[in-house]
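**Q** My questions all concern the structure below.
Every read-out reported here was derived from the displayed coordinates using simple, explicitly stated rules and does not represent laboratory data. Here the structure is a predicted model, which is why all the values come from computation and not from measurement. Heads up, the Cβs are rebuilt from the backbone with ideal geometry, glycines too, and the neighbour counts pull from every protein chain shown.
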Amino acid sequence: MPVRPIIRLGHPALRTPAQPVSPERIRTDEIRQLVEDMVETMHAAPGVGLAAPQLGVELQIFVYACEGNEHHPDIPLHVVINPMITPHSRELVYDWEGCLSIPDLRGLVPRHPSVRVQGLDREGGRLDYIASGFEARIVQHEYDHLNGIVFLDRMRDLRSLGYTEEWSQYMEGEEGDDTAVG
């Protein structure tokens with residue numbers, strides 16, 4: 001399970017919509033290895049989520065997991081293939097995000113506080129669950145990667161954009177989490 005390089009903003013795979021994975025392809029050694037590599041790469045980064053396009057693979061797959069802290073509970077490992085994300089309301093909540101493909105930058109991003117996640121798991125089984133809070137933010141961030149969107153595109157005011165070191169020094173005490181999303 002090698003750790004793969006994470007591509008950075010500017011690579012065309014980050015701006016290209018990913019392709020669905022056919023159900024019969026999900027159980028192939030190629031996709032199983034990709035998922036294992038994604039999990040290892042996410043943990044090594046370290047991050048809480050990673051989408052296949054961040055490895056230069058234009059497939060609709062993302063993984064996420066996070067150890068709990070004072071801001072959110074544990075989030076177990078999820079592998080989501082061919083997702084559909086549906087917001088539970090029109091409400092948006094602003095919070096800080098970073099991205100492994102845009103290292104060292106953070107900004108305030110509006111996201112839905114709760115979303116329905118539908119798709120397939122790593123075995124091709126159906127997924128249908130509700131993600132809320134920080135988990136919903138991770139899911140939306142990774143789903144955006146599958147559509148060629150990065151968190152900068154979602155920001156409504158670039159004045160909140162800053163480097164992680166400065167963010168830690170000047171803004172970390174504000175509400176939110178300092179964990180980088182994928």
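**Q** Is segment 1-99 best put as rounded, prolate or oblate by its Cα gyration tensor, with a ≥ b ≥ c the root eigenvalues, rounded for a/c under 1.5, and otherwise prolate when a/b is larger than b/c, oblate when not?
**A** rounded
**Q** Just the projected area, averaged over all directions, of the convex hull on the alpha carbon atoms of the chain: how many nm²?
**A** Values: hull surface 39.1 nm².
For the Cα atoms of the chain, the hull's average projected area reads 9.8 nm².
**Q** Now, a different point. What FRET efficiency, computed as 1/(1 + (r/R0)^6) with R0 = 45 Å and r the Cβ-Cβ distance, is obtained for Arg90 and Glu67, rounded to the nearest 0.05?
**A** 0.90
**Q** Using the Karplus equation 6.51 cos²θ - 1.76 cosθ + 1.60 (θ = phi - 60°), what ³J(HN,Hα) coupling, rounded to whole Hz, does each residue of segment 98-108 give in order, writing x for Gly and Pro?
**A** Ordered by residue, 3J(HN,Hα) equals x, 8, 5, 8, 10, x, 6, 10, 9, x, 7 Hz.
**Q** Also, I was wondering about something else. Suppose we flag trypsin sites (Lys or Arg not before Pro) only when DSSP calls them loop and at most 15 other Cβ atoms lie within 10 Å. Which is the longest uninterrupted stretch of the chain?
**A** Result, exposed sites excluded: 91-155.
**Q** So, one more: Just to check I understand the Karplus step: with θ = phi - 60° and J = 6.51 cos²θ - 1.76 cosθ + 1.60, what whole-Hz values come out for segment 6-13, glycine and proline as x?
**A** For segment 6-13, the Karplus-derived couplings read 8, 6, 10, 3, x, 6, x, 5 Hz, x marking Gly and Pro.
**Q** Taking amide H positions as placed in the peptide plane 1.01 Å from N, state which residues far from Leu127 in sequence (5 or more) or on other chains have amide H under 5 Å from it.
**A** Placed amide hydrogens put Gly119, Leu120, Asp121 under 5 Å from Leu127.
**Q** Order these by the 10 Å Cβ neighbour count, fewest first: Glu58, Glu166, Glu97. Walk me through the numbers before you get to the answer.
**A** Working: Glu58 16, Glu166 12, Glu97 27.
Sorted ascending by nearby Cβ count, the order is Glu166, Glu58, Glu97.
**Q** Against the longest principal axis of the chain, how steep is helix 29-44, in degrees 0 to 90 to the nearest 10, with axes from Cα atoms?
**A** The angle comes out at about 20 degrees.
**Q** Only helical DSSP H runs with n ≥ 4 go in: add -39500 (n - 2.57) per run for the chain, normalise by residue count and round the 222 nm mean residue ellipticity to 500 deg cm²/dmol.
**A** On the way: 5 runs with 45 residues, N = 182.
Value at 222 nm, helices only: -7000 deg cm²/dmol.
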